[in-house]
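Please treat every number below as a calculation from the coordinates, not as lab data. Keep in mind the model is a prediction, meaning the values are calculated, not measured. Positions of Cβ are generated from backbone atoms using ideal geometry, with glycine treated the same way; all protein chains shown enter the neighbour counts.
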Amino acid sequence: MRTSMWRRAPGQSLPLIAFVIVVIIALVALSVDVGNAYGQQRQLQNAANAAATAAMSSTMANATNQAVWDSVKQTLAGNRIDPADRRYRYKADYIFANRPPQLIGQWNMESSPGREIVFNANQRRPDNVIRIQVSLEEVVDTYFARVIGYQTLPVNVRANACPSGYGIGVYPIGVPRKLTKGYHQIYQSGSSTPLSTSSALWNQVASGEWDQPENNNMVGKIVHLPIENQGGGTPPGTHIGWLNWGVGNNQSNDALATSLTYPGNLQNGFREGEVRDRNLPSNTPNGRLELLDWVEGTTGVQNSSRVDDAINSHISAGNVVILPMYSTVGGQGSNSSFYITKMGKFKIIQYNQHANPKYLRLMYLGDAPAGAGGCASEVADNAPAAPPKLFGINGTVRYNRVWRQDQRMRVSNDIVLVMDNSGSMAWDWYDLGSGDPGYNPDQQRIKSAKRALISFLQNYDLLADPEARIALVTFGNNNQAQTVMSWTEACAASQRASDCGGPTRKWQTMQQKINDMRPAGWTPGPFAFEETRSLMGSAQTTRPSGTPVRKVVILATDGVFNICGSDWNSSACRRGQLPYCEYNPSNPGDYRCSNNAPYNMVQPRPVWQAIQLAQQLKDRGVSIFTIAMKAHCAPNSRDCFDPRGLPEMSSGSGYYYQASDEQALNNIYQIILDQIATPQCEPKEQVELAVGARVILKQPNNPTVVKTTVADSEGRWEFRDLPAGEYVVTVEPYTKTSPEDGRTRTYSRLRNALDLSQEGQVSFSINPLWPERSTVYGEALLSLPTDANGVPRNGCNTP
């Protein structure tokens, strides 16, 4: 029998191995290209989110459809997506609750005519828009997958933005949108005489809108508004209306007073009013106050001391408030409805509920448009709900430790005047520059500063301090600081008793140097402190006559420091270097330097560095006064001066001031002059960490949310796992003993170191569009309470 045997033929497995290798290479290539596509999708999603938010912000500012579409394209370009590239297709739509979307604009990557379309370019947004949706598509070229037939891969994203409405800082005082002669009066700030018909432009104002171009002169004006019932002789639409922010149907005086108390309670909701004109339908009710809402309210006088106190507190604090403005009112008395068509920024100047007729006076500061907020993207009906994003809030709490030091003998002053002469000092007190409508060249901040400094020199009492010496430092020109004049006596020794022969002879050369100051450059504040530190190194401790010397610095600035000095962490913050600047990729020479808000006390940011240099001076016994020249912000200004950090540079309460016009600046220099004249008691202050202080977190629109923690050994506190929303932080009274005088003091006055107008609490706003686990930072500063007259206590007036 023959036995058959299989023989292994050489090379039989090679085709199979080759096939497997090809498959593996194809899969790897496809995974590389798919991964690249997913990376592009993340970039596209970020760009679409930003474009939708920008479009909604433009929409809420009442821009035309063309301007809204332009904001989409500009934002895409800012996110490195060329809006004219044929690889992209994108569009933006207005989305409504009960009808199909309406196109704003679109771009098709095909080269056919009309590939870019803007719908009704010159029209503005339709009513009842609930969100804006941006759809973005890119065709991504492949690298390896083309060998198996995939030349490109499509990537599609979609983003939405909603109007954020209004909340904290909005108060229920309804302001008529139209001004009418006979019932309203317009005043120039600082004047008691109403403007005439021609100067007030009544022919335009009486016919319509405060924010029309011809009415820009209304910004900064004071308007006298009556407070009367419709039946009291005042026509409908000319009087103040009290809107209902109360819970349920509560229009009591107590509810109104609560709504008028900082920070307001609009975030808790408001009462939708009855539609009184069917041609003016109310915006879709969604729990947020938006333009084109009918709001329930009442008219007439509110006879309540609580209401009076709440309004007067805004006057005394100088708060900027947001007030709804109505175009139409229907109903009478407590059955009124107000049609809200605009939100304005105001300062309450005067409230007189006892006059006949009773009135309210408001300074108009411009429009207060709502911003854009996040809203849920569209998802499939059966898609699981995404878990809410959680965030954190952290900060530092300090207390201003004070003690007293008797100063019963005469002292002499070595004073360094430090003046900002950067380019922004050429603007006026309403942040208007040459060429802007309404610009007042005589009210340039540099001119006001010159006059205030010269007045300070001329009013100095040389009979009380004949040996006084003053030096002058400026910062701004060439982005540097310079000692314009070193230590200088007022005049020759033989002339001191005769007061130098007159005010103009005191520090005569320095007066001329001040007059020669010209605004230019940025705001290199830390350089100025370095110059000042050098000067103070040569300051005297006693005069040749034996009189002790007090060292004083008076700093005035109108902007955020944006150039580092050379002292702190020089390797990361060299002279002339501009860290933490926003970079404009379309214009490589364009840098916007700031404090990288929200302000964090982390080296080597310019404010942090200036604070360190100021602390070095204070450690050497130097008293530092700081003056924030905080102008009235122009409407929609991007460069509004935020003076955060300046209070920490000062020597504590009584050493920090804000000026919003020339008169205030002059008054501050006079106050400082009086304060350094002949003190019998000099308060010594020092900010230290409030270790162990109890910190409390609350949510204004949800009283059930209360969290507490204790500051650690470095004064730090933190709250985690918080949903998006509005929060406030308070600190319980903190008791400490000063070793210098053995006195135990309780520090119960909470100052918001980032916003001095928010005394008593530190406010936070967490945006739901922020990345998961983002944190916001805040600083709390505890001081001694005020006395019965509202004067902050210090080491001298502490009982």
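Positive contributions from Lys and Arg (+1) and negative ones from Asp and Glu (-1), summed over other residues with Cβ under 13 Å from the Cβ of ILE104, come out at +2. Over 30 Å apart at the Cα level, from the set LYS178/LYS347; LYS447/LYS506; LYS345/LYS513; LYS707/LYS736; LYS513/LYS618; LYS345/LYS447, are LYS345/LYS513.
Legend: Rg and Dmax of the range 409-522, from Cα coordinates, 16.1, 54 Å.
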